[in-house]
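Colleague: Sending over a structure as structure tokens; questions will come in a sec.
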Amino acid sequence: MTTVEEAGKLILAQLKDYGTESLPFEQALGRVLAEAIKADRDLPPFNRVTMDGIAINYQAVENGILTFKIKATQAAGDEPVAIDELDECIEIMTGAVIPASVNTVIRYEDVAIRAGLASIHVRDIKHGQNLHLQGTDKKQGAVLAEPGLLITPAIISLAASVGKTHLLVKKLPRVVIISSGDELVDVHETPSPYQIRKSNSYTVKAVLQQHSLQPDIIHIPDDPAITKTQIQQCLQNYDVLLLSGGISMGKFDYIPQALEDLQVEKVFHKVAQRPGKPFWFGRYQSGAVVFAFPGNPVATFMCLHRYFLTWLRATLGLPEQLPVYAVLNRDFQFQPPIQYFLQVKLQSNPQGQLMASPIEGNGSGDFANLADTDAFLELPAEKSDFKKGEVFKVLRFD
Ligand SMILES: Nc1nc2c(c(=O)[nH]1)N[C@H]1C(S)=C(S)[C@@H](COP(=O)(O)OP(=O)(O)OC[C@H]3O[C@@H](n4cnc5c(N)ncnc54)[C@H](O)[C@@H]3O)O[C@H]1N2
Ligand code: MOO
Ligand SMILES: [Mg+2]
């Protein structure tokens, strides 16, 4: 059977470049930058005042002058005003440009102002203090953000500051989520005693929305002909098909056969893991990829994070996420020689270690306890006894 590691590699061999598109910068959060953002002028663009107070020429202090006539008041955004004499100062605000005739700012806290005069009542004044000099952060033309970066709020701020109203970003694949099974009714419906509501599709959609994808959702009844027709249409209209359910050994598990009939190349079926053993992955001639996850909700949830999101990051050219490790908080046994993804709650202890406490549950059909789960701990297939204090890799949901 395909191992977790092999499955991961086989999936990462199916990457595709979906091109680029230009978006209003405010809509680009969470997308991948496809161009460099450059400084359109020096940063800061002028010698900028960093404290509200008075601006003086330092030579005055050297000459023993500590009381100044207030010549004018200059707000941020005002044109600079000049002093004519050494015993003059300007009241000046944070963010204002420092006028050429002055070079040092003393904070309001360190001066007393009375009858149009400002007297400095501190001794320690340095030439050029409380200024942020032009171009000390970045020079005009310098790259502020490289292509390939995930667009965070900090990148949005950079784009705004250099006047980039639009950003070139990587295009996202078109994704469809397909659930299957006659036991499933819609969320607004009341299930009969032997039915349940569809939930997987909405879990998958929510996770995808966290990654800026806007998937469509369809449902297929347990009917081989309809299954085939619907999947065929999806293969023509989407880049990624995310299925959940209908892929195991059941009499109504029609998905693998339908995919085979439609000549979707099977890359693997079944992975040595729990949950998620029946996972099916394949590729269509158009380049579309098919992730068919097992229907049990925890299996779908785990596989989506472990396999699909890793593929998504890679296909968009984002670097691999740095691994995170946690310490197992109590002994745990798992006998079968397959990798176990243990649901855990994470907490950092005062020693700075990330501690993972296993969550009791009733298998991969028990989705109620996903609400308490922070992550899966990846327990390797080669072992069956996992001891308190041992360190394992964490599969996080963020
Ligand atoms: N004889 C065997 N039986 C099963 C095996 C096996 O190896 N041999 N594997 C088990 C494992 S592990 C899993 S996981 C499931 C996978 O089943 P399918 O992918 O075929 O999924 P279904 O049969 O359609 O459904 C399983 C389960 O999940 C519920 N489900 C399905 N879709 C949804 C949805 N959209 N929202 C909420 N719940 C959903 C469904 O009602 C079933 O309870 O097979 C085991 N059996
Ligand atoms: O492997 Mo299944 O995904 O346990 O329920
Ligand atoms: Mg089944």
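Colleague: Counting only Cα, what are the radius of gyration and maximum Cα-Cα distance Dmax of the chain, in Å?
Modeller: 30.8, 97
Colleague: Also: Quick one: if you stick a label point 7 Å off each Cα along the C-beta vector at THR190 and ILE218, how many nm between them?
Modeller: 3.2
Colleague: Throw me the Rg/Rh for the stretch 57-157, computed over C-alpha atoms with Kirkwood Rh, two decimals.
Modeller: Values: Rg = 17.8 Å, Rh = 15.8 Å.
Result for the stretch 57-157 is an Rg/Rh of 1.13.
Colleague: While we're looking at this one, here's another question. With the cut-off at 24 Å, tell me which of the pairs LYS38/LYS170; LYS270/LYS393; LYS228/LYS266; LYS198/LYS345; LYS198/LYS277; LYS205/LYS277 have Cα atoms farther apart than that.
Modeller: Numbers: LYS38/LYS170 18 Å; LYS270/LYS393 22 Å; LYS228/LYS266 16 Å; LYS198/LYS345 26 Å; LYS198/LYS277 21 Å; LYS205/LYS277 22 Å.
In this structure, LYS198/LYS345 exceed 24 Å between Cα atoms.
Colleague: For GLU62 and LYS387 in the same chain, what is the full-extension length gain: residue separation times 0.36 nm, less their Cα-Cα distance, in nm? Don't skip to the answer; put the middle values down first.
Modeller: Details: separation 325, 0.36 × 325 = 117.00 nm, distance 7.06 nm.
Computed gain between GLU62 and LYS387 is 109.9 nm.
Colleague: What order, most packed first, do the peptides 289-295, 56-62 have when packing is the mean number of other Cβ atoms within 10 Å of each residue? Present the calculation step by step, with values, prior to reporting the outcome.
Modeller: Numbers: 289-295: 25.6, 56-62: 18.4.
The packing order, highest mean first, is 289-295, 56-62.
Colleague: May I pose another question? Give me the net charge for the shell around ASP239: Cβ to Cβ below 9 angstrom, other residues only, Lys and Arg +1, Asp and Glu -1. Provide the component values of the computation, followed by the final result.
Modeller: Working: positive: LYS16, ARG174; negative: none.
Charge balance in the 9 Å sphere: +2.
Colleague: Provide the net charge surrounding GLN343, with neighbours chosen by a C-beta distance below 12 Å and charges set as Lys +1, Arg +1, Asp -1, Glu -1. Present the calculation step by step, with values, prior to reporting the outcome.
Modeller: On the way: positive: ARG274, LYS345; negative: GLU360, ASP366, ASP372, ASP374, GLU378.
Once positives and negatives cancel, what remains is -3.
Colleague: Report the full-extension gain for the segment ARG174 to THR310: residue separation times 0.36 nm, less the Cα-Cα distance, to one decimal in nm. Please report the intermediate quantities before stating the final value.
Modeller: Numbers: separation 136, 0.36 × 136 = 48.96 nm, distance 1.65 nm.
So the chain would gain 47.3 nm between ARG174 and THR310.
Colleague: In a Gaussian network model over the chain where Cα atoms closer than 10 Å are linked, find which of ALA356, ALA145, ALA55 has the largest mean-square fluctuation.
Modeller: ALA55
Colleague: Let me ask something else about it. Could you sort the peptides 26-34, 325-333 by per-residue average Cβ neighbour count (10 Å cutoff), highest mean leading?
Modeller: Values: 26-34: 18.0, 325-333: 15.9.
Going from most to least packed, we get 26-34, 325-333.
Colleague: Based on the alpha-carbon set only, what is the convex hull volume of the stretch 166-247 divided per residue, in Å³? Please report the intermediate quantities before stating the final value.
Modeller: On the way: hull volume 9.0 nm³, N = 82.
Expressed per residue, the convex hull around the Cα atoms of the stretch 166-247 is 110 Å³.
Colleague: Oh, and also: For THR3 and THR229, what does the FRET efficiency come to when R0 = 51 Å and r is the distance between their Cβ atoms, rounded to the nearest 0.05? Write down the numbers at each step before the final one.
Modeller: Numbers: r = 35 Å, r/R0 = 0.68.
With a Förster radius of 51 Å, E is 0.90.
Colleague: Report for the chain the percent antiparallel among DSSP-assigned beta bridges with both residues inside it, nearest 5. Let's see the in-between values first.
Modeller: Numbers: 55 of 82 bridges.
That works out to approximately 65 percent antiparallel.
Colleague: Could you size up the charge dipole of the stretch 324-396 around its Cα centre, putting +1 on the beta carbon of Lys and Arg and -1 on that of Asp and Glu, and report it in debye to the nearest 20? If you can, show how the numbers build up before the last one.
Modeller: Numbers: 7 positive and 9 negative charges, 40 e Å.
Dipole size: approximately 180 debye.
Colleague: Quickly work out the MET93-to-GLU146 label distance, labels modelled 7 Å from Cα along the C-beta direction, and quote it in nm with one decimal.
Modeller: 4.0
Colleague: Could you work out how much longer the chain between VAL324 and ASP372 gets when fully extended? Use 0.36 nm per residue separation minus the Cα distance between them, nm to one decimal. Let's see the in-between values first.
Modeller: Details: separation 48, 0.36 × 48 = 17.28 nm, distance 1.94 nm.
Here the segment from VAL324 to ASP372 would lengthen by 15.3 nm.
Colleague: Once you place label points 7 Å from the Cα toward the Cβ at ASN237 and ALA76, how far apart are they in nm?
Modeller: For the pair ASN237/ALA76, the computed spacing is 5.0 nm.
Colleague: Taking a spot 7 Å from the Cα of LYS69 along the direction of its beta carbon, which residues of the stretch 114-132 have an amide N less than 13 Å from it?
Modeller: Answer for this model: 116-118.
Colleague: Sticking with this structure for a sec: What does the highest-first list of 362-371, 346-355, 89-98 look like by mean Cβ count within 10 Å? Spell out each step's value before the answer.
Modeller: Numbers: 362-371: 13.2, 346-355: 11.4, 89-98: 21.7.
Final packing ranking: 89-98, 362-371, 346-355.
Each value in this text was obtained by applying a stated rule to the coordinates, not by laboratory testing. All values reported here derive from a predicted model rather than from experimental measurement. Cβ coordinates were reconstructed from backbone atoms using ideal geometry, including for glycine residues, and neighbour counts include every protein chain displayed.
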